[in-house]
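Down below is the structure, laid out as structure tokens.
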Amino acid sequence: MTIPTRHPDQPCAIPIGIRAFALALGLQPPTDAEFRRLGECLTVGDEPADRLVDWMSATGMATTRPLFERALVHGVDSIPDAPEPLVEFFSLVEATPQWVDRRRLEVAGQVMRSGGADGLYVARDVALLGGYMFAGFNQTLLRTGALEKGSNQRFAETSQWATDVISEGGLDRGGAGYCSTLRVRLIHSMVRKHVAALPDWDADAFGLPINQTDMAATIVGALVAPSVGGVGLGLINRPSEYGAVAHLTRYVGWLMGIDDEFLPTDFRDCIRVLYHTSLALSTPDETTRQLSLPMVEDPLAWHYDRFPTIRRRLARAQHLGITSAFLGPGGMRSLGLPAFSLPWYPVVRLPVNLVESIAAMTLPGGRRRAADRGERRSQRFMRTMVSDGAAIGAAANHITGHAA
């Protein structure tokens, strides 16, 4: 299998936080064979979804997209004489693996909702911003209009998907997270088809857009990194609860079309996937700064009812300090940002979150109260970012329309 030239010859330098956590868990770097496999999988997509999109595009999205939505919400059996490509795809995703434990999914949802706005801050300031150091993935983002649409919109859409995934009952068939994940999977396939056909897409250099290696890094970055980074903000959980987060990540990854070899089996394995993919993908270049610098300025346009000018500047300093605390001087320089920004917010929040975390783990009904409180805080932050809400896939409407 040909390996795209974006794959480095040897493991890359990675943010200090990921390396430290991996070492603390006794994780080893990938073997030569494992590192090569990460390069090979830059050319592997999502065959079931890609077949479905080929059929939908050929038949016409105006006809097939409503059928997809009906099957998504009500099950493919609700469609009389459903077309075979639709039956083939939904027969796969509706065959829930036997290893899925609904109780653990429920626990994970509560734990992740408990992170509240601070969990979203880690997702934004560490996972998403740090992800711009994955220059190969940036090539796809830039060709989907990431600069024009803006990082604020992209993160709001990602946050809405994550909120759906961790909502109560969200991963039941037809639930908010189940539907959002499969919609994202469909959009990924449409983007893959569109970008790969662009005249300036160099498959020898970049591989396949939204490939297995990129998706593996993205899923653990989006769902696991907030729980890992949350420790630095005082958000702590029981070992069994971290295991539940890993279980949820595994199932969501399965729904998203990620191959079994990249689906984590437990929390330690989540960190292994994050560690290994980061070593293969963290190759910052000029696209890193193109995407990161506008994101740092996003808080200056957020919506505050009172004292907006002061609060926007405070928010910019707050989020830049979080990034600095977790990514370190090297990561900050790679992003084109000042090597150090005062991390005052983690210092302020850590004792508060520690008290709330201990209460959630020890008091009767504590976890439920923490989840409800966290959900209110996250929704308030979402309204601050985008006052009119975020529709999943809106940033790629021009592509999904093109695919029709």
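The values are calculated or read from the model by the stated rules, or taken from the named source; none is laboratory data. Everything numeric in this text was worked out from a predicted model, so none of it was measured. Here Cβ is always computed from backbone atoms with ideal geometry, including for glycine, and neighbour counts include all displayed protein chains. Heavy atoms of the whole protein, side chains included, go into the accessibility calculation; ligands, DNA and RNA do not. Shrake-Rupley method; radii C 1.70, N 1.55, O 1.52, S 1.80 Å.
What accessible area per residue, rounded to a whole number of Å², is obtained for region 245-304 using a probe radius of 1.4 Å?
Here the per-residue accessible area is 32 Å².
Considering only protein heavy atoms, with the full assembly of protein chains and a 1.4 angstrom probe, order 84, 356 by accessible area, largest first.
The ordering from most to least exposed comes out as 84, 356.
State, as an integer percentage, the relative contact order of region 108-228 based on alpha-carbon contacts under 8 Å between residues 6 or more apart.
It comes to 37 percent, rounded to a whole number.
What are the DSSP H helices in the chain that stretch 27 Å or more along their long axis, judged by alpha-carbon atoms, and whose average Kyte-Doolittle hydropathy comes to at least -1.0?
176-196, 308-334, 344-362
Of 355, 195, 122, which has the largest mean-square fluctuation in a 10 Å C-alpha GNM of the chain?
Looking only at 355, 195, 122, the largest GNM fluctuation is found for 355.
Do the sum for the chain: with -39,500 (n - 2.57) for every DSSP H run of n ≥ 4, divided by all residues, what is the mean residue ellipticity at 222 nm, to the nearest 500 deg cm²/dmol?
-20500 deg cm²/dmol
In debye, nearest 20: dipole of the chain around its Cα centre with unit charges on the Cβ of K, R (+) and D, E (-)?
Dipole of the chain, to the nearest 20 debye: 1780 debye.
Using Cα centres only, tell me the gap between region 196-273 and region 1-39 in whole Å.
Region 196-273 and region 1-39 have Cα centres separated by 14 Å.
Can you tell me how region 247-387 classifies by the Cα gyration tensor, rounded, prolate or oblate, using a/c under 1.5 as the rounded cut?
Judged from the Cα gyration tensor, region 247-387 comes out oblate (a/c at least 1.5, b/c at or above a/b).
Set Lys and Arg Cβ to +1 and Asp and Glu Cβ to -1, take the dipole of the chain about its Cα centre, and tell me which of 355, 127, 205 lies farthest positive.
355
Hey, if you put +1 on the Cβ of every Lys and Arg and -1 on every Asp and Glu Cβ in the chain, which of 320, 160, 262 ends up farthest toward the positive end of that dipole?
320
Checking the a/c ratio against 1.5 first, then a/b against b/c, what shape does the Cα gyration tensor give for region 232-285?
Verdict is oblate for region 232-285.
Please work out whether region 42-180 counts as rounded, prolate or oblate from its C-alpha gyration tensor, where a ≥ b ≥ c are the square roots of the eigenvalues and a/c under 1.5 means rounded, while otherwise a/b larger than b/c means prolate and anything else oblate?
In terms of gyration-tensor shape, oblate.
For region 14-97, what does the relative contact order come out to in percent, with C-alpha contacts under 8 Å and a separation of six or more?
Over region 14-97, the number comes to 21 percent.
Size of the dipole of region 103-237 about the Cα centre, Lys and Arg at +1 and Asp and Glu at -1 on the beta carbon, nothing else charged, in debye to 20?
300
How do 245-254, 268-277 rank on mean C-beta neighbours within 10 Å, highest first?
Result, highest mean first: 245-254, 268-277.
If I take every Cα pair under 8 Å that is 6 or more residues apart in region 240-378, average their sequence separation and divide by the length, what percent do I get for the relative contact order?
For region 240-378, the relative contact order is 14 percent.
Round to a whole angstrom and tell me the spacing of the C-alpha centers of region 288-336 and region 86-127.
The distance from the Cα centre of region 288-336 to that of region 86-127 comes to 28 Å.
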